Amino acid sequence: MVAGQWIDAPEEGGLDAVSVPQLLAQAWRDERSGILQLAHGQRERHLLVREGAPCMASSPRGEDDFAAYLSSTGRIDETQRAEVERLASERGCPQASAVLALQLIDAKALYLAMRAETRMRIAETFPWAAGQYRWIAAPPADSDPRTARAFDLLALFQDELPRRWGTERLFDAIRSIEGLHGDVPPRHRKVAAKLAQTGEMAARAIAGLDGHHPVGRILGDCAGDALAAATLWTAAFSGVMRRIDAARTQAESNFDFEVDVEVAPRPSAPLEDAAGKAAGRSKQAQTAPNPKADALREEIHTLLQRLGDLDHYKALGLEEDATGAHIKKAYFKAAKKYHPDALGRLGLESLKDDAAQVFARVAEAFEVLSDPDKKKAYDAGGSDEAEIDTTRLAQAETSFRKGEILAKMGNFEGALDYFEPAVELWPDEPAYQMGLGWALFKQTRPDHARAIHHLEKACGQAPNDAVAHYRLGLVFRTVGGSNRANPLIAKAQSLDPDVSE
């Protein structure tokens, strides 16, 4: 069994067949309670899970040293560490109790340190790729003395998978699901919104889960970003992403994305020498020529001047007989090359805007050539009008979904920044009109007139949309228009008795 496959793991087995994050993701999905016993070489770890969330991590062999952790994180010094270990040994008590007895840190700081150490213990098990696991029943919550707030497991995945697994293993795991399509079901939208809060690429990854694009395509659109990969893995394996199409089509099976894996060599010299050498290299880098950066700078400038003259194939650097696999590979190569992080590594931050224009042209070409019907029409010399509409609609949908995430988090002012462009790009979509109208009403300083205008448009475009009519009724009720509000709310309830805002 390949690490990273979407599976339902048995009650016990080998960590070479299923990873620890997969086991925990399945527990989260199933809201499982129990103790996950892990053995990896000479190390053991027991993870207490309550309703899908890990609460505690312990080691039956006692190899975890809380005093050492406090010392390594600067909370206590080495002398205090020795005092803690001595007192804990004399009294036969946990080291945390000894810390409190010695009054080295206050109770709140101690609690936070214990939480941080437990989080670290859980994350340390993520890379364990050999050994055994077994689920056993957990004691009732009220009889378990190890009570603690559960950890946000999905946030832990986002934070730790790129670091604990490394880019190569993370992308290997994504490859096993790259052809899957999925969206976010209503019951998980709040969770998805929280995942999207961790960064721009995480938000882009969540917005891509619209049921129309496979996971591999979404990751490619995120230029192979590690946070986006961790977010997609988390959504897929925890069940936050609802699978729509589990079968790979032939086109999807050829899907490809490329990732740069940078491996830093271990320092062989003392830290002081290494720091001095690093400073010297940094100084040299400021003056030494960089052929790769110079070549990319020249390429961007040349393409920018020729954008209007490039056909779709030339925009992707392809011949007209290019296959679907070649088209996808060229697109993701460009996504990686023109990504802001890649430019930053080469010291080309000033070219980000120019590179964005070049990549927009590449994306436009890919939009046409990756679709067999559009490609056929383009090759036959057909009009680009339909293609332009498709691009506008895709831009509108992406903008709307970002706004929807912010609105679900209660950030209606921020949502307006995305709903406005969505309506401008595609005014005939009632969902966009309704989203904009509702955000105008729910913002800190409501704009009732504009809210009514857009909600009325939504009702006109979707006469059987219960939510649109209900929201418009609520706005009229707020401004004192009961004669308009009551019929709208009544109609909404007739369309859907369970309707709510």
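The values are calculated or read from the model by the stated rules, or taken from the named source; none is laboratory data. Quick caveat, the model's predicted, so the values are computed rather than measured. With ideal geometry, Cβ positions are generated from the backbone for all residues, glycine too; neighbour counts draw on all protein chains shown.
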Worksheet item: What about Tyr470, is it among the hydroxyl-bearing types (Ser, Thr, Tyr) and within 19 Å of Ser399 (Cβ to Cβ)?
Response: no
Discussion item. Of the conditions (1) closer than 20 Å to Pro21 by Cβ; (2) surrounded by fewer than 20 Cβ atoms within 10 Å (Cβ to Cβ); (3) touching a strand residue (DSSP E or B) at 6+ places or on another chain (Cβ under 9 Å), Asp172 satisfies every one except a single condition; which number is it?
Written reply: (3)
Discussion item. Within region 179-191, take every residue that is buried (at least 22 other Cβ atoms within 10 Å of the Cβ) and either touching a residue at least 60 places away in the same chain (Cβ under 8 Å) or polar (S, T, N, Q) (or both) and give me the one that is nearest to Arg401 (Cα to Cα).
Written reply: Gly182
Practice prompt. Answer with yes or no whether Lys329 is within 29 Å of the chain's Cα centre (by Cα), among the charged types (D, E, K, R), in a helix (DSSP H, G or I) and in the same structural domain as Phe359 (by TED's automatic domain parsing).
Written response: yes
Worksheet item: Where in region 16-126 are there helices (runs of 4 or more DSSP H), lying wholly inside it, with at least 3 residues that are farther than 27 Å from Ala236 by Cβ?
Response: 66-72, 78-91, 95-101, 107-124
Worksheet item: Hey, does region 341-363 have a residue that's among the aromatic types (Phe, Trp, Tyr), modelled with pLDDT of 80 or more, part of a helix (DSSP H, G or I) and not assigned by TED's automatic domain parsing to the domain that holds Asp225?
Response: no
Worksheet entry | Every residue from region 422-450 that is of a type in the set (Phe, Trp, Tyr) and closer than 22 Å to Ala207 by Cα | Trp426, Tyr432, Trp438
Response to the item:
Checked region 160-196 for anything β-branched (Val, Ile, Thr) and assigned to a loop (DSSP other than H, G, I, E, B); matches are Ile177, Val184
Practice prompt. Check Gly13 against each of (1) in contact (Cβ under 8 Å) with a residue 24 or more places away in the chain; (2) surrounded by 19 or more Cβ atoms within 10 Å (Cβ to Cβ) and name the one condition it does not meet.
Written response: (2)
Practice prompt. Could you look through region 1-15, keep only residues that are assigned to a loop (DSSP other than H, G, I, E, B) and farther than 19 Å from Ser176 by Cα, and pick out the one that is modelled with the lowest pLDDT?
Written response: Pro10
Worksheet item: Among the residues of region 482-489, is any modelled with pLDDT under 90 and assigned to a loop (DSSP other than H, G, I, E, B)?
Response: no
Practice prompt. Being out of contact with any strand residue (DSSP E or B) (no Cβ under 9 Å at 6 or more places or on another chain) and aromatic (Phe, Trp, Tyr) is the filter; apply it to region 25-71 and report the residue that is surrounded by the fewest Cβ atoms within 10 Å (Cβ to Cβ).
Written response: Tyr69
Worksheet entry | Residues (at pLDDT 85 or above and among the small types (Gly, Ala, Ser)) located in region 210-225 | Gly211
Worksheet item: Condition test on Trp426, is it in contact with a Lys or Arg (Cβ under 8 Å, 6 or more places away or on another chain), buried (at least 19 other Cβ atoms within 10 Å of the Cβ), at pLDDT 90 or above and at negative phi?
Response: no
Worksheet entry | Meets criteria (out of contact with any His (no Cβ under 6 Å at 6 or more places or on another chain) and assigned to a helix (DSSP H, G or I)) for Ala492 | no
Item to complete: Taking Leu310 as the residue in question, decide whether it is crowded, with 20+ Cβ neighbours inside 10 Å and under 24 Å from Pro372 (Cα atoms).
Response: no
Worksheet entry | Flag if Ala25 is assigned by TED's automatic domain parsing to the domain that holds Arg86, small (Gly, Ala, Ser) and over 14 Å from Arg121 (Cα atoms) | yes
Discussion item. Every residue in region 415-433 that is closer than 14 Å to Cys459 by Cβ and part of a helix (DSSP H, G or I), please.
Written reply: Pro430, Ala431, Tyr432, Gln433
Discussion item. Here's a check for you: in region 91-121, which residue that is in contact with a helix residue (DSSP H, G or I) (Cβ under 7 Å, 6 or more places away or on another chain) and among the β-branched types (Val, Ile, Thr) is surrounded by the fewest Cβ atoms within 10 Å (Cβ to Cβ)?
Written reply: Ile105
Fill in: Odd one out for Ile244, checked against (1) within 20 Å of the chain's Cα centre (by Cα); (2) at pLDDT 50 or above; (3) not in a strand (DSSP E or B)
(3)
Worksheet entry | Flag for Phe419 being touching a Leu at 6+ places or on another chain (Cβ under 7 Å) and not assigned by TED's automatic domain parsing to the domain that holds Ala202 | yes
